[in-house]
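Single-structure report; data block below.
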Amino acid sequence: FLNKFNLNDSKKPVKGFSKGMKRKVDLVRAIATDSDLLIMDEPFDGLDPAMSMELIEIIKEQTGKGMSVLLTSHDMSYIEKISDYVYFLSKGQLKKIEGWNKGFVITIQGATDKIGSLFDSALIIDQKEGIVKLKCEKSNINHVMKIIIANKFKIMEQEFSSLESIFLQEVKNE
């Protein structure tokens, strides 16, 4: 792990390290243990993008060996890359987020009042003045796109259902 975090050649004392270097030392100490569970609080804080990607690979490697990892982070893009289960903490309550990594959100224009009957494999999550926001599973995207094309709806936006968008929706609904 020292090599992976570029710490093997350092001769200075840890107290003289930068915040990022100190974070790397902490991570090596934690990961190098022979434990079944690793608990990490904001592990990407203080790491540059290259080291963050290295940490993601190390976490995947460790979970592949059977280690469980529980981590907290405000940077949801990293969580999306490594998590099997996601919970949001809101108002002191943990809420499990189901299906966060399986869907797309598509915004279309030109929809009519009968749009609900067209999309049996998508959920209408917002509808205003001929603009409809649909959420569908990855497995149904081809079917939904065929309906959009057949009805000559204009696609305004397509996005993966990110944790950030789900979180913002959850906060909005509270």
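The values are calculated or read from the model by the stated rules, or taken from the named source; none is laboratory data. As the structure is a prediction and not an experimental result, all values here were calculated from the model. A quick note on method: Cβ atoms are made from the backbone with ideal geometry, for glycine too, and the neighbour counts reach across all protein chains shown. Areas reflect the complete protein model, heavy atoms only, side chains present, ligands, DNA and RNA absent. Shrake-Rupley method; radii C 1.70, N 1.55, O 1.52, S 1.80 Å.
Just to be sure I understand, how many residues within segment 16-53 are open to solvent by 50 Å² or more (accessible area, probe 1.4 Å) and under 21 Å from Met67 (Cα atoms)?
Summing the residues that are open to solvent by 50 Å² or more (accessible area, probe 1.4 Å) and under 21 Å from Met67 (Cα atoms) in segment 16-53 gives 11.
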Pairs where the first residue, in segment 72-91, is within 22 Å of Glu61 (Cα to Cα) and open to solvent by 60 Å² or more (accessible area, probe 1.4 Å) and the second is among the charged types (D, E, K, R) and modelled with pLDDT of 90 or more, C-beta under 7 Å, 6+ apart: Thr72/Asp41; Thr72/Glu42
Only one of Lys91, Lys4, Lys95 that is out of contact with any Ser or Thr (no Cβ under 9 Å at 6 or more places or on another chain) and modelled with pLDDT of 85 or more: Lys95
Residues that are under 21 Å from the mean Cα position of the chain (by Cα) and open to solvent by 60 Å² or more (accessible area, probe 1.4 Å), drawn from segment 125-134: Ile125, Lys133
Selected residue (criterion: farthest from Ile97 (Cα to Cα)) from residues of segment 145-168 that are free of Cβ contacts under 8 Å to residues at least 40 places away in the same chain and surrounded by 14 or more Cβ atoms within 10 Å (Cβ to Cβ): Ile147
